[in-house]
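One structure is given here, and the rest of the page talks about it.
The numbers here are math on the coordinates, done by the rules we state, and not lab data. Here the structure is a predicted model, which is why all the values come from computation and not from measurement. We place every Cβ from the backbone using ideal geometry, glycine too, and count neighbours over all the protein chains shown.
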């Protein structure tokens with residue numbers, strides 16, 4: 001719910017876009033005050049808002065509060081205008097109630113403005129995000145991109161090795177996350193080069209970065225090399241590609257390690273870090289995700305937060321044929337994944353484990369029990385954030 005909603009005189013719906021937005025402004029009676037494209041430019045946005053402020057208190061609602069919607073929100077806040085956003089799911093459902101099937105920026109902006117005017121319960125307020133959360137959001141997004149590149153590059157390396165020497169891939173593939181193996185591929189990029197180097201040289205190279213398992217890996221690589229005597233077509237080309245992919249993968253992993261250090265510094269400096277990390281299963285990365293996905297958003301109850309995260313159960317009933325509750329497929333997927341993985345990590349905590357075991361005893365499957373634990377922890381997280389209090393184990397057990 002938007003604060004001071006009853007005093008609003010002008011409702012502005014903005015359908016955000018990369019090049020330009022589209023804005024529709026309505027007064028409380030529904031009369032159109034503005035309906036034009038809005039350039040993604042601070043000066044022009046300020047001019048429009050100043051013009052609309054002549055009609056009274058203005059409320060700006062966007063459909064995306066982050067990324068390309070960040071500038072309109074920042075300009076509106078700088079102008080002293082109320083801001084909020086309309087969640088995507090609510091936007092789609094409301095759009096179905098309007099005549100026509102056209103998908104245009106002008107229509108979407110009009111729908112947002114009408115929803116702002118007539119459906120205040122569907123709106124969510126936007127609080128001013130602090131600089132550290134904005135930086136965390138950008139770093140976490142970059143970390144996601146780097147992780148995607150790491151996965152793609154690693155899969156490419158494993159694919160090439162499987163193509164030319166499957167036995168070798170079974171030894172090297174599972175250890176591509178270790179810098180010693182990437183260093184080895186850059187120095188000896190083909191089965192022939194490894195065979196020529198011999199076990200002793202391979203072990204010497206590996207031990208530099210993997211002192212405890214270098215000797216064992218060298219022996220396993222030699223054994224794998226002996227298992228295949230034929231040379232597959234394309235091996236020479238793969239020998240040219242593999243060291244470059246290994247170098248690229250090593251550079252990406254170094255980038256991710258550097259990002260992790262910066263994320264940890266920002267999380268440690270945030271006033272809520274102590275609160276969040278007092279909960280079992282919440283480390284630096286999870287705390288960063290919780291800050292970026294929850295900070296700046298207002299949730300009236302724990303149920304609202306659970307619904308936003310996609311952890312609220314969905315009841316499906318139709319006569320006697322369909323009955324039961326199922327996990328939601330909607331919500332903020334990033335937040336849901338963070339809470340789910342956090343619940344999985346918390347199984348080492350005796351209290352969380354006891355709750356999980358109790359759900360298993362009630363007949364729930366592993367994933368269902370984990371989601372139930374994540375849902376319960378979501379309630380506890382809401383109370384912790386609301387009160388600024390540290391984690392209490394008895395809150396998890398109470399259910």
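Quick notes on this structure:
- Scaled to the globular estimate 2.2 N^0.38 Å, the Cα spread of the chain, given as radius of gyration, is 1.27.
- Projected label points at residue 118 and residue 147, each 7 Å from Cα along the beta carbon direction, are separated by 4.2 nanometres.
- A viscosity of 1.002 mPa s and a temperature of 20 °C, combined with the Kirkwood radius over C-alpha pairs in the Stokes-Einstein formula, give the range 134-265 a diffusion coefficient of 138 µm²/s.
- Here 5, 188 are placed in order of increasing Cβ neighbour count within 10 Å, fewest first, which gives 5, 188.
- Rounded to whole Å, sorted largest first: equivalent-ellipsoid semi-axes of the range 5-126, Cα gyration tensor: 19, 16, 14
- Fewest-first ranking of 91, 138, 194, using other Cβ atoms within 10 Å as the exposure measure: 138, 91, 194
- Among 348, 212, 375, residue whose mean-square fluctuation peaks in a GNM of the chain (springs only between Cα atoms under 10 Å): 212
- With contacts taken as Cα pairs under 8 Å at a separation of at least 6 residues, the chain carries a relative contact order of 12 percent.
- Normalised by the number of residues in the range 5-126, the mean separation of alpha-carbon contacts (under 8 Å, six or more apart) gives a relative contact order of 32 percent.
- For the range 72-92 and the range 142-174, distance of Cα centres in Å: 42 Å
- Note on the range 214-279: Cα-only Rg and Dmax are 21.3, 61 Å.
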